[in-house]
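The structure appears below as structure tokens.
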Amino acid sequence: MNMAYEFNKKVIEHFENPRNVGMMKDADIVETVGSPVCGDMLTLYLKIKDDRVVDVKFKTFGCGAAIATSSIFTELIKGKTIDEALKITSDVVVGELGGLPEKKVHCSVLAPDAFEKAIKKYRERT
Ligand SMILES: [Zn+2]
């Protein structure tokens, strides 16, 4: 079974051209999470201003699904307020991508999870 069979076009497109990849030197918050299931690791860099996500970058050692879901997640939260961005759950991410193979759905939890943890830290600090 090859990737083209399992993943739809939008997932593959984000996997091949992920948005907002890289690191951010002046990030306000950096959060790393991992998935024990397929060994994915994700680091999320966030820049917050007036309770709004003004910039976001990510780096991942992850499978194709982790890359695609993180990519679309960063697109979805960029420019949103923290509270709006917290509503972008893995369900929203999978929906935006037009679905994921069942066994890859756990990978879509990484980015929302990292974001939630990052915001918790950020709010404790400010
Ligand atoms: Zn994965």
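Where a number appears in this text, it was derived from the coordinates with a stated rule and is not lab data. What you see is a predicted model, and the numbers here were worked out from it, not measured in a lab. In this analysis, Cβ positions are derived from the backbone assuming ideal geometry, glycine residues included, and neighbour counts consider all displayed protein chains.
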- Message: On the basis of being surrounded by 15 or more Cβ atoms within 10 Å (Cβ to Cβ) and under 27 Å from residue 124 (Cα atoms), does residue 58 make the cut?
- Response: yes
- Pair list, Cβ < 6 Å and 6+ apart or interchain, from segment 53-76 residues that are under 16 Å from residue 28 (Cα atoms) to residues that are assigned to a strand (DSSP E or B) and more than 16 Å from the ligand (Cβ to nearest atom): 54/47; 55/47; 56/46; 57/45; 74/56
- Working only within segment 83-98, note down all residues that are of a type in the set (A, V, I, L, M) and over 13 Å from residue 114 (Cα atoms). 92, 93, 94, 97
- Among the candidates 69, 74, single out the residue that is more than 16 Å from the ligand (Cβ to nearest atom) and within 9 Å of the chain's Cα centre (by Cα). 74
- Query: Among the residues of segment 5-49 satisfying the criterion of being part of a helix (DSSP H, G or I) and of a type in the set (Phe, Trp, Tyr), which is nearest to residue 103 (Cα to Cα)?
  - Reply: 5
- Flag for residue 103 being surrounded by fewer than 18 Cβ atoms within 10 Å (Cβ to Cβ) and within 16 Å of the ligand (Cβ to nearest atom): yes
- Residue check for residue 97: within 23 Å of residue 11 (Cα to Cα) and crowded, with 20+ Cβ neighbours inside 10 Å: yes
- Note on the structure: For segment 80-126 the number of residues that are part of a helix (DSSP H, G or I), out of contact with any helix residue (DSSP H, G or I) (no Cβ under 9 Å at 6 or more places or on another chain), free of Cβ contacts under 8 Å to residues at least 60 places away in the same chain and not basic (Lys, Arg) is 4
